[in-house]
Each structure stands twice: as C-alpha cells, then as structure tokens.
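One structure is given here, and the rest of the page talks about it.
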Amino acid sequence: VTGIASIAYFSMASGGGWVIAPDCRQLFVARYLDWLITTPLLLIDLGLVAGVSRWDIMALCLSDVLMIATGAFGSLTVGNVKWVWWFFGMCWFLHIIFALGKSWAEAAKAKGGDSASVYSKIAGITVITWFCYPVVWVFAEGFGNFSVTFEVC
C-alpha cells in the first residue's frame, strides 16, 4: 500500500499524474488511481482482521471502487451535476463507514482474542482519516477553494 501511494505521490510531486479538468483546474488522476488500488487493499486487511466473509469484503470493496469512481466523475464534471456525483459517492461512503463501524466491528468482537482490539484501532484510524476526503473534495473539486498545492499535501 505504501509503495503504491509513494509512486502516486511522487508522480504528483514531480509534476506528473494530472490532467486539466473541464473547469480548467489541475486534477490529479494519480491520486484516484492510487485510491482505486490501495483502499480496497486496506478494506481487505480490515475484513480479514474482523473475520468477515469474503463476500462482505468484496461488497465493501465494490462500494469503495464506486465511491472513488463517482468522486472522479464529479471532479471531471462542470456545473451542478458534480454535486449529484458527490451525493452518489457519499452514499457509497456511508455504506463503507457503517460496515466498518457496526457490522465488521461486531464480527471482530465475536471473533474473540485480540481481533476486536486490533480491529477497533485500525478501523478507527481509517474512519477518522477517510472522513477528511469528502470535506476536502467539497472545497477542492467542488467549490475550487483550495489551491492545488494544498490539495496535494
């Protein structure tokens, strides 16, 4: 995960990994490609720690991919339609947060041993950090209030 993210962020830091969006903003597609690979891997790890079924893991990974895709589509859209894409992405996002915070946490607790404690810590960090992304999207891709430099940091 860190290797893939390092490659993506190196490409952005070195002046690559971006396109010009229809609203003339610099859009870092490397970030979306990074997330399409790394976030499902994180969810797989969390699912294995929690002891949920592979179908539950696959369903949450699908929600994750759809969330990222709708965020990218919104970033590539001009006008109010971008907010429709954001809304769809938030629906997938809430599904992920609910699963991580409720059903997967219950599965980790039922698994016993250190699983609940380890899962709680890792999932907690994941949920807290992932809550930043929709907020940043609103001000970066949504309203265009953040500078490109701030957006990449």
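The values are calculated or read from the model by the stated rules, or taken from the named source; none is laboratory data. Since we're looking at a predicted model, the values are computed, not measured. In this analysis, Cβ positions are derived from the backbone assuming ideal geometry, glycine residues included, and neighbour counts consider all displayed protein chains. Each accessible area value is taken on the protein alone, full model and side chains, heavy atoms only, with ligands, DNA and RNA left out. Shrake-Rupley method; radii C 1.70, N 1.55, O 1.52, S 1.80 Å.
Per-structure values
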{"read-out": "Residue in segment 27-36 that is free of Cβ contacts under 8 Å to residues at least 40 places away in the same chain, over 16 Å from A140 (Cα atoms) and surrounded by fewer than 16 Cβ atoms within 10 Å (Cβ to Cβ) present", "value": "yes"}
{"read-out": "Complete set of residues in segment 60-73 that are touching a residue at least 24 places away in the same chain (Cβ under 8 Å), hydrophobic (A, V, I, L, M, F, W, C) and under 18 Å from G101 (Cα atoms)", "value": "L60, M67"}
{"read-out": "For G71: the one exception among (1) closer than 27 Å to G16 by Cα; (2) within 14 Å of the chain's Cα centre (by Cα); (3) open to solvent by 80 Å² or more (accessible area, probe 1.4 Å)", "value": "(3)"}
{"read-out": "Which listed residue, of V84, V78, V49, is free of Cβ contacts under 8 Å to residues at least 12 places away in the same chain and of a type in the set (V, I, T)", "value": "V84"}
{"read-out": "Qualifying positions in segment 87-146 - open to solvent by less than 80 Å² (accessible area, probe 1.4 Å), farther than 19 Å from C61 by Cβ and either touching a residue at least 40 places away in the same chain (Cβ under 8 Å) or touching a Gly at 6+ places or on another chain (Cβ under 7 Å) (or both)", "value": "S115, V118, W137, V138, E141, G142, G144"}
